[in-house]
Structures are given as structure tokens and as C-alpha cells.
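First up is the structure itself, then whatever we jot down about it.
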Amino acid sequence: MEKLLARFILLCGLILLFFCIPVNVICPPAIALLRQYQAAPGVMRYQSQHSLQDATGYAWQVVLFKQFPPDRSPQFILRLVGFPGIVEIAHPRSLEIATNTSRLFIATDLFATVSPAPNVGQYNVTDVITQLAKNKFLKLTIPLVSNQNITLKIPLSIIVEWQWLATEIQ
């Protein structure tokens, strides 16, 4: 009887391991930082926010907004904030978005005339966002006043989050 009970407990333990361990070991945890708030009366905004480093090691804040203006289709806005005093974004130059499949998209500068700070850029990506699915990474080429560019690599985890924001938030 004890041997049968021991085998039963062992079998239950193996079944638990079979169902629990693959989820926790094989699939890394996904953490999405999506925020919702009212940007203006009647205008809801959802956003994905991340901090990424450029090739020189400086941090950038990368924020994708999904706005629902009254009586208009949703808009997708990408805000890039570089390290203050280090980078100065060139306005009104467009942002280039390159995919791992060598497709190139252009996003227009929304701060073409006035920027809240020299290290802040904001771009309309409404026409681009739905075309980014199935890419392993993106490269954002940010134009600087110094006639140079800075490239930010956007990893797959953020692309997946952006796609979820684009397709699931209504």
C-alpha cells in the first residue's frame, strides 16, 4: 500500500512538473508597461514607454502613443527623448524606420516648427505602425542638428507590444 501511495505521489509530482515548468522556464516573462489616461477632455491616450540605449551608451525614452481624438481615427505618435545637453534633434527632418527585412519607412516630424526641448522629437507613425508586424527588430535613425544621425535598435519585445497596442486597444 505504501509503495502504491509513493508511486501516486511521484506521478502527481511529475504531472505538475510537466505542466508548470515549461511555462516558467521555456517562456520568458513578458512585462508590458501600457498606460491609459485622458490627454484632454474627450481624448483618451494609451502609451507604451521604454528606456533604450544608443550605441554610445546614452539613454533614450521611447514612447508610442495611441490617441483617440474626438470624431477622428486613432493616431499613433512616437516620441523620442534623448539625453539632455548631449543630443539635439534636427527639426523638421523626418525619422527613418528600417526593418530587418530592409524595408524603409518615413515618419513625419510633428515638432517641425517648435519643439518643447532640443532633445525631444515626436513623429507621426500612424501609417507605419500596422506594417511593422513580423519584424525581429527595427532601427530608428534620428537626425541630429550636428548633421549626424543616432540609431536606436528596437527589439522584438517592444515591437510585439506596439502591435498589441495597435490592434487590441480599441
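Where a number appears in this text, it was derived from the coordinates with a stated rule and is not lab data. Please read these numbers as outputs of a predicted model, since none were measured by experiment. Reconstructed Cβ throughout: ideal geometry from the backbone, glycine too, with neighbour counts over all protein chains shown.
One table, with the values for the structure above:
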quantity	calculated
Among 61, 128, 146 the positive-end extreme of the charge dipole of the range 34-168 (Cβ point charges)	128
Cβ-placed point charges (K, R +1; D, E -1), dipole of the range 34-168 about Cα centre in debye, nearest 20	220
Taking 134, 153 and counting other C-beta atoms within 10 Å, the order from fewest to most	134, 153
Nearest-20 debye value, the range 88-170 charge dipole, Cβ charges on Lys, Arg, Asp, Glu	300
Ellipsoid equivalent to the range 54-168 - semi-axes via the Cα gyration tensor, in Å	22, 18, 12
Separation of alpha-carbon centers, the range 143-170 and the range 56-92, rounded to whole Å	9
Estimated inter-spin distance, residue 44 and residue 153, nm [label 7 Å along Cα→Cβ]	3.7
Net charge dipole size for the range 33-93 [Lys, Arg +1 and Asp, Glu -1 on Cβ; Debye, nearest 20]	200
Those aspartates and glutamates that a straight Cα-Cα span of less than 16 Å connects to residue 134, excepting residues fewer than 8 apart in one chain	161
Packing-based exposure ordering (other Cβ within 10 Å, fewest first) of 9, 169	9, 169
Under 21 Å from residue 139, Cα to Cα: lysines that are on another chain or at least 8 residues apart	66, 153
Order by protection proxy (mean Cβ within 10 Å, highest first), peptides 74-84, 52-62	74-84, 52-62
